[in-house]
Amino acid sequence: MGLSVAANIYHFLSQTRELFGDEIFIQSSLDNINQGSGYDFPGSLQEFNDKINSCHKCQLGDARTKFVFGVGDPKADLLLVGEAPGVDEDRLGEPFVGRAGKLLDKILAAIHLNRTKGVYICNVLKCRPPNNRDPLPSEVDQCEPYLQHQIRLIKPQLIVALGRVAGKTLLKQDIPLKAMREKIYHYEEIPLIVTYHPAALLRNSGFKAPTWKDFQWIQSILDGKTNIG
Ligand code: SF4
């Protein structure tokens, strides 16, 4: 057994234990562990949601109204990631609802997408931070493995971080959003770009033009007209 295979098995078991506790899933063949660009984990998004939606790994689990797993096409090419649920999301259990969510739906419609086909929407944190404060590093440490597992189940072609906080959290770089835009990064080996959060567009209409530019770029990538390597 090569070192990389052993390392992959160790990583798989560590991640699975992190996600599911002592209930370790092993498929009938370990050959499944290292296929494609990542790991093949068992189960569906719904099964994963069922596993984790009573999580209390961090303090936010005690204060939430609803756990906000994510919504959309389980085989989406485009994964949109925000930082954390807000007050409306906490109340309804769905990400990006309210005025910002409606605006996001309009932006998606403009590139011929919607949240039921071709798109999956979720947050880094699955529970609302009090008063919509930024996620704490300790909360991200606890919750980020859930996002990583969602990514492995969905296998999107492109990840788009919505807003500076989501970008900072996924990139592990605390830089202005302006500096994050118009670049290709990678997260979990998937190309990632960063654009404005739709709530920022409601506060400042000057962000609409650059956001539209970003979404035209996103459309071009998804349509295969822009090669991102
Ligand atoms: S924020 Fe994440 S880690 Fe914290 S309780 Fe909610 S699901 Fe669990």
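Derivation of every value follows stated rules applied to the coordinates shown; laboratory data play no part. Note that the structure is predicted; figures quoted are calculated from it, not measured. Glycine also receives a Cβ, built like all others from the backbone with ideal geometry; neighbour counts cover every protein chain displayed.
Here are some notes:
- The GluC sites (Glu not before Pro) found in segment 126-229 that occupy coil by DSSP, while having at most 13 further C-beta atoms within 10 Å, are E182, E189.
- Set the Cα radius of gyration of segment 52-222 against 2.2 N^0.38 Å, with N its number of residues, and you get 0.95.
- Electrostatic bookkeeping for A109 treats Lys and Arg as +1 and Asp and Glu as -1; over the other residues with beta carbon under 14 Å from its beta carbon, the sum is +3.
- Residue-wise HN-Hα coupling along segment 167-178, computed from phi with Karplus coefficients 6.51, -1.76, 1.60 (Hz; x: Gly, Pro): x, 4, 5, 7, 8, 6, 9, 9, 10, x, 4, 4
- Sparsely packed trypsin sites (Lys or Arg not before Pro) within segment 179-210, loop by DSSP, other Cβ within 10 Å at most 10: K183
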